[in-house]
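Notes to accompany the following structure.
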Amino acid sequence: MTIRFFPSLLPGEPIESYEYAGTIAGFFLSVGIDYTVREQQPVTLTLNGVTVPVDEWPDTVVTHSDDVEVRLIPRGGVFEGLGNILGKIFNALFGWLMPSAGGDRNDPGQGRKLETATAKANQAKLGEVVPELAGRFRRYPDYLTPPRRHFVDLREQWLEFHACVGPGRYEILPENVKVGDTPFSSLGDDGHYEIFDPGMDLSSTSTHEHWYTVSEVGGTSSGTAGLVLSTEIANRINEQPSSYTFDGVSISRSEGLYPPAWGGGTQVFIQYERPYTITRVFVPPSSPEEQGYYISDINGYFGHVAPILNQSIWLGEIESEVEYRVDSIVPGVDGMATIRLWDDGEMGGPVDLPPGPEVPLVFGANIRWTISTYSEEEMSVSGPGSFESVTLSGALVVFAGGTVYGEWTSEFFATPGNEVTDTAEADFFFPAGLAFIDGEGNIQSRSVGIELQYRDVTTSGPRVTLARSYTQATLDQIGMTERVTFTAIRPAFRARRVGAEGTSTQVQDTIHWYGLKSRLPTRTSYPRWTTMSIKLRSGGRIAAQSENQINVVATRILPTLQSDGSWGSEQVTRDISAFARYIAQTIGYTDSDLDIDEFRRLHSVWASRGETLDYVFDLTTVKEAMNVAFKAGMAELTVADGQIRPVRDDVRTQFEHSYSPQNMTGPLRRTFKTPKHDDPDGVEVEYIDGETWTKQTVRCFLPGDQGFKLEKVTINGVTDRVRAWRIGMRRRRQLRYRVWDYAFGTEMDALNSEYLSYVPLFDDIPGYGQSAILERIEPISGAALLHVSEPLRWESGVPHLVAYRRPDGTISPLYSASPGVDDCSLIANIPQPWPSISLKQEPPHVYFGPAERM
């Protein structure tokens with residue numbers, strides 16, 4: 001099947017495509033995505049235009065002829081996502097290196113999401129929402145750019161990245177910016193940070209740059225900090241071909257390759273036989289006291305040894321050659337010459353060889369030729385002369401010393417996908433320093449070179465070689481970052497060592513290829529987010545496990561509610577009302593969608609009691625976020641008449657709408673919750689402490705509680721122990737004292753009431769109150785005479801009260817009542833205007849009973 005990934009539900013081109021046959025679940029498994037860890041998938045999947053539910057993915061088999069579309073579901077509402085990344089399919093663009101406790105560097109696993117409010121490390125939240133900070137809370141900012149590690153000099157390595165604090169603006173005091181638990185101010189010159197408000201230009205700080213780090217270059221499973229650049233002795237041995245072609249200073253092979261350890265600066269011995277004409281010549285004595293002697297005139301090609309009078313020249317096989325001195329020379333043309341040799345050894349004397357017209361001799365076997373240009377099939381050399389143009393079998397080209405090259409590493413692509421770059425960095429590390437220790441224990445300088453090659457993999461262009469040489473006399477660990485710039489390409493790099501690796505304990509010159517990075521396009525402004533730049537001197541200056549523990553304690557800046565119901569200018573605030581309004585605004589609500597009167601009333605309560613909202617919101621819904629906000633103030637979210645209204649079960653004295661048998665469709669049912677032996681006898685509240693930023697618990701008991709069984713409650717948004725205890729005590733009192741449930745049916749009257757409305761309930765149980773319909777009302781002796789539809793039950797010796805239901809359904813105040821003119825009437829001092837009785841509306845309901853039990 002063709003699986004196409006789209007960045008949204010809108011029409012457009014796919015951002016990636018894959019060919020696959022099998023089950024849908026099997027495809028996600030093959031690319032490393034465990035979608036089962038999510039309760040709600042961030043994508044929707046269609047097969048040939050038909051949506052496939054998640055629970056059918058394991059059983060849905062598709063073939064190559066099917067068309068599968070995977071589209072990212074937009075995360076609208078109160079929180080937005082960091083990007084379009086769905087999982088490891090798109091993770092290549094963000095797969096950078098990060099610090100760890102397990103070695104010099106590591107890759108952060110994506111794993112399962114960590115709750116943001118309790119997070120203790122910086123994370124790359126790919127495809128997740130941007131956390132929202134309310135009030136005052138500790139925040140581990142999320143990576144916006146991959147952490148970049150680079151050497152600014154030999155002994156100083158820095159780690160830098162840019163991170164997101166959150167949407168909006170914040171107050172962040174210097175003492176509240178830390179690495180782990182250490183303030184940045186204590187780091188001195190080893191750490192720097194800067195806070196940027198939304199929309200600020202970041203081009204002046206290097207942390208905004210997006211550096212993609214190649215994960216294949218770095219720490220290895222064998223424990224080294226990078227890929228070891230070494231030289232192998234076996235790689236210096238040249239397998240001799242059947243013939244060589246000599247032409248001036250060029251030597252090419254008939255087949256095979258020159259050793260990988262050879263290159264520019266490598267020295268070689270070159271040996272081959274050439275025919276020479278040898279003539280034996282007698283040299284007479286120059287005086288009577290001397291004797292004459294025989295010496296050979298050797299005639300042939302000597303251009304490859306360029307003989308000079310009295311110059312040493314070698315004759316014979318490699319490692320068994322004999323050194324002679326040029327005694328005389330008669331130059332010819334095109335490298336031809338006639339020479340005589342003299343032996344200055346112990347025997348001494350002229351060199352007299354067996355004569356002949358084509359005597360095979362090897363001259364210059366001990367001469368070291370230095371490779372100047374090199375390829376695996378052909379090379380040119382520099383030396384005393386040049387070779388004639390000839391192809392010879394039996395020739396030998398043997399390693400003699402000089403520069404030795406290590407093996408090329410594998411070739412690594414420096415950018416993900418089809419991205420291009422114009423800048424790359426390679427990091428090299430000397431874990432034991434670079435030095436030679438002489439016999440006296442003195443540290444002497446040591447030199448070593450590195451070759452770095454790159455090519456454009458898109459066009460398969462030629463390789464470009466960059467040579468670097470390093471000389472130091474130190475046993476300290478050192479490193480260097482080499483920056484390479486070029487026209488925008490997709491480069492692939494490889495590296496090797498130049499210079500033989502020391503095998504003695506007196507030599508320290510081990511080289512690791514520590515890192516490879518490429519700079520990708522990035523942004524220089526974040527219009528809606530507060531961000532921060534972080535720079536840390538790493539290496540031996542700070543523990544690796546703390547490098548991703550940058551945290552701030554930030555306080556949100558928002559408009560605050562004024563006493564007249566308006567909203568003031570932005571300021572530092574922890575107000576519940578301010579953030580609740582902000583949540584509503586993020587989904588397009590305006591102030592007209594808020595019950596401002598109730599907001600004002602509760603705001604005054606929250607402010608007087610010191611109740612605030614301090615929390616970091618992660619992936620959630622508007623409803624859940626609102627409830628967290630209001631619960632921090634012991635309130636709950638409701639929607640009344642289309643407006644958001646927080647309700648709090650607090651002290652109330654004014655009854656709202658009343659209910660009695662007159663507007664009930666069935667009897668009022670009372671239920672008593674009988675206490676049980678396994679009921680909780682205490683409450684344990686878990687909250688995050690605002691000083692230590694760790695989870696703490698507080699236990700809440702009433703008199704008589706033993707604490708055998710605790711109800712555990714988690715409170716979000718509260719960071720104060722006293723406030724957590726108050727909420728826990730409220731819950732404990734609910735468990736003990738709320739033991740009655742009341743239930744009844746009614747028609748549309750119940751639409752008058754809201755959640756947690758404070759309402760009077762009446763029923764017809766003798767000894768309590770009773771209800772009736774008001775049939776008429778008339779004056780009597782300065783009071784009102786009420787005629788009702790039911791006989792009234794009077795108890796002697798106790799006061800009685802009466803009230804009536806207003807046309808809007810609310811109950812009137814209670815008035816003292818006395819018997820009327822008959823069993824269905826009573827007298828009360830009810831002020832004008834009296835309730836009206838009309839056939840156009842339901843007549844008023846009258847509530848009557850003993851004062852203490854009504």
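The values are calculated or read from the model by the stated rules, or taken from the named source; none is laboratory data. Predicted, not measured: the structure shown is a model, and the values here were computed from it. Cβ: placed from backbone, ideal geometry, glycine included. Neighbour counts: every protein chain shown. Heavy atoms of the whole protein, side chains included, go into the accessibility calculation; ligands, DNA and RNA do not. Shrake-Rupley method; radii C 1.70, N 1.55, O 1.52, S 1.80 Å.
Results, tabulated for the structure shown:
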item: Distant alpha-carbon pairs in the range 216-286 (separation over 16 angstrom), percent; result: 71 percent
item: Alpha-carbon centroids, the range 526-574 and the range 203-254: separation in whole Å; result: 45 Å
item: Solvent-accessible area of L751 with every protein chain in place, 1.4 Å probe, in Å² to the nearest 10; result: 130 Å²
item: For the chain, alpha-carbon Rg over 2.2 N^0.38 Å; result: 1.62
item: 15 Å reach of a label modelled at V605, 7 Å along Cα-to-Cβ, counting backbone N of the range 706-738; result: 727, 730-731
item: Extension reserve of the V330-L173 stretch, reckoned as 0.36 nm per residue once the Cα distance is removed; result: 47.5 nm
item: Translational D in µm²/s for the range 656-770 (Stokes-Einstein at 20 °C, 1.002 mPa s, Kirkwood Rh from C-alpha pairs); result: 125 µm²/s
item: With DNA, RNA and ligands ignored, accessible area of K673 (1.4 Å probe; Å², nearest 10); result: 100 Å²
item: Calculated from backbone phi, Karplus (6.51, -1.76, 1.60) coupling profile of the range 387-392 in Hz, x at Gly/Pro; result: 9, 6, 7, 7, 10, 10
item: Interchain or long-range residues, amide H under 5 Å from G22's placed H; result: V62
item: Normalised contact order of the range 763-835, rounded percent, pairs of Cα under 8 Å and 6 or more residues apart; result: 28 percent
item: Mean Cβ neighbour count within 10 Å, used as a protection proxy, ranking 602-609, 169-176 highest first; result: 602-609, 169-176
item: C-alpha center-to-center spacing [the range 322-349, the range 779-854] in angstrom; result: 146 Å
item: The chain, dipole about Cα centre (Lys/Arg Cβ +1, Asp/Glu Cβ -1), debye to the nearest 20; result: 3500 debye
item: Residues E273 and I73, FRET efficiency given R0 of 51 Å [Cβ-Cβ distance, rounded to 0.05]; result: 0.05
item: Extension gain from L814 to I15, taking 0.36 nm per residue of separation minus the Cα-Cα distance; result: 280.4 nm
item: Built amide H within the under 5 Å cut-off of V249, gap 5+; result: F387
item: Whole-number accessible area per residue in Å² for the chain, which is evaluated in the context of all protein chains at 1.4 Å; result: 48 Å²
item: Of all accessible heavy-atom area on the chain, the percent that carbon and sulfur account for (1.4 Å); result: 50 percent
item: Simple spin-label estimate for F708 and E624 in nanometres, 7 Å along Cα-Cβ; result: 3.7 nm
item: Nearest 10 degrees, 0 to 90: helix 576-586 Cα axis against the chain principal axis; result: 70 degrees
item: Förster radius 51 Å - calculated FRET efficiency between V398 and L29 (Cβ-Cβ, nearest 0.05); result: 0.35
item: Relative contact order (%) - criterion: Cα under 8 Å, at least six apart; region: the chain; result: 13 percent
item: Nitroxide proxy distance, nm - points 7 Å out along Cα→Cβ at S312 and S250; result: 3.3 nm
item: FRET efficiency, 1/(1 + (r/R0)^6) with R0 51 Å, evaluated for D476 and E323 via beta carbons; result: 0.65
item: CD proxy at 222 nm, helix term only [per DSSP H run n ≥ 4: -39500 (n - 2.57); per residue of the chain; nearest 500]; result: -2000 deg cm²/dmol
item: Unsatisfied cross-links (Cα-Cα over 24 Å) in the set K120/K535; K676/K712; K631/K712; K178/K535; K631/K676; result: K631/K676
item: Whole-angstrom gap from the range 728-747 to the range 386-464, using each part's C-alpha centre; result: 80 Å
item: Extension gain (nm, one decimal) between Y768 and S203, 0.36 nm per residue minus Cα-Cα; result: 195.6 nm
item: Most positive-pole-ward Cα, V484, W529, S460, against dipole of the range 455-559 from beta carbon charges; result: W529
item: Label-point separation, T46 to E790 (7 Å along Cα→Cβ), nm; result: 6.2 nm
